[in-house]
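Here's the structure, in structure tokens; my notes come after.
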Amino acid sequence: APIQIATNMGTALLRLERIDEAIESYREGLKYDSANPVLLDNMAAAFAKRGDDNEAIKYAKLNITANPGNIDAYDFLGGIYSRRGDYENSIEYYMKALSLNPNDPLLNWNIALALEKMGKGDEAAKYVGHYFNLNKRGMHQ
């Protein structure tokens, strides 16, 4: 299982802050399955950790192309764009993730934060309400 070995090795290296080696390990795994959602997620995360947002975005978008139902990739892109101050793109990707998982309180919260940063407080309040309702519901289950 070369993919599993590459994934495990890359993850261990990433935890040790050996980012370039982790990226190489993930690249090896992608040679066996270029659409593997875990490897593509990990590549994006490794590049983001290295401070290379453009490469991180590239791998997250490759993941979405190969795996359109991958909520993590949409959420990841929302976070990267938010960190860069590009709240319009951030909201777009968070909304796509939310459409796949409407009961995720954190996605509602992240959308609210991005909307608030854009000066859209009324719209943000709606998502804050969803966030609290979902959290309250989760505590009573």
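The values are calculated or read from the model by the stated rules, or taken from the named source; none is laboratory data. Bear in mind the structure is a predicted one, so any value in this text is a computation, not a measurement. Note that each Cβ is placed from the backbone with ideal geometry, even for glycine, and that neighbours are counted across all protein chains shown. Just the protein is used for accessible areas: all its heavy atoms, side chains included, with ligands, DNA and RNA removed. Shrake-Rupley method; radii C 1.70, N 1.55, O 1.52, S 1.80 Å.
For the chain, the Cβ-based charge dipole about the Cα centre amounts to some 280 debye (Lys, Arg positive; Asp, Glu negative; other atoms uncharged).
Choose one of Trp109, Ala97, Gly119: the residue whose Cα lies farthest towards the positive end of the charge dipole of the range 69-141 (beta-carbon charges +1 Lys, Arg; -1 Asp, Glu; about the Cα centre). After comparing all options, I get Trp109. Fully extending the segment from Arg50 to Arg83, taken as 0.36 nm per residue of separation minus the present Cα-Cα distance, adds 10.4 nm. Sequence neighbours fewer than 8 away in the same chain don't count; with that in mind, list the lysines whose C-alpha is under 23 Å from Lys96. In chain and number order, the partners are Lys58, Lys61, Lys117, Lys120, Lys126. The Ala12 and Lys117 beta-carbon pair, evaluated with R₀ = 41 Å, returns a calculated FRET efficiency of approximately 0.70. Compute the signed sum of charges (Lys and Arg +1, Asp and Glu -1) over the other residues within less than 15 Å, Cβ to Cβ, of Ala46. Combined, the nearby Lys, Arg, Asp and Glu give -4. Would you please state which residues of the range 44-66 a label at Ser99 would reach in this model, taking the label point 7 Å out along Cα→Cβ and a backbone N cut-off of under 18 Å? Within reach of a label on Ser99, which here means backbone N under 18 Å from a point 7 Å along Cα→Cβ, the range 44-66 contributes 61-66.
Measuring nothing but how far apart in sequence close Cα pairs (under 8 Å, 6+ apart) lie, relative to its length, the range 21-141 scores a relative contact order of 15 percent.
Name the shape class, rounded, prolate or oblate, that the alpha-carbon gyration tensor gives for the chain, where a ≥ b ≥ c are the square roots of its eigenvalues, rounded holds for a/c under 1.5, and otherwise prolate holds if a/b is larger than b/c and oblate otherwise. The shape class here is prolate.
Hey, what's the range 68-111 come to in accessible area per residue, 1.4 Å probe, Å²? Roughly 48 Å² per residue, with all protein chains present.
Of the accessible area of the chain, computed with a 1.4 Å probe over protein heavy atoms only, carbon and sulfur atoms account for 52 percent.
Among residues other than Ala22 with Cβ under 10 Å from its Cβ, the summed charge is +1 (Lys and Arg +1, Asp and Glu -1).
The residues neighbouring Ala12, those whose beta-carbon lies less than 12 Å from its own, together hold a net charge of 0 under the Lys/Arg +1, Asp/Glu -1 convention.
Projecting the Cα positions of Ala73, Tyr131, Asn8 onto the charge dipole of the chain (unit charges on Cβ atoms of Lys, Arg, Asp and Glu, taken about the Cα centre) puts Tyr131 furthest along the positive direction. Loop-resident trypsin sites (Lys or Arg not before Pro) (DSSP state other than H, G, I, E or B) in the range 9-89 with no more than 16 further Cβ atoms inside 10 Å of their Cβ: Arg18, Arg84.
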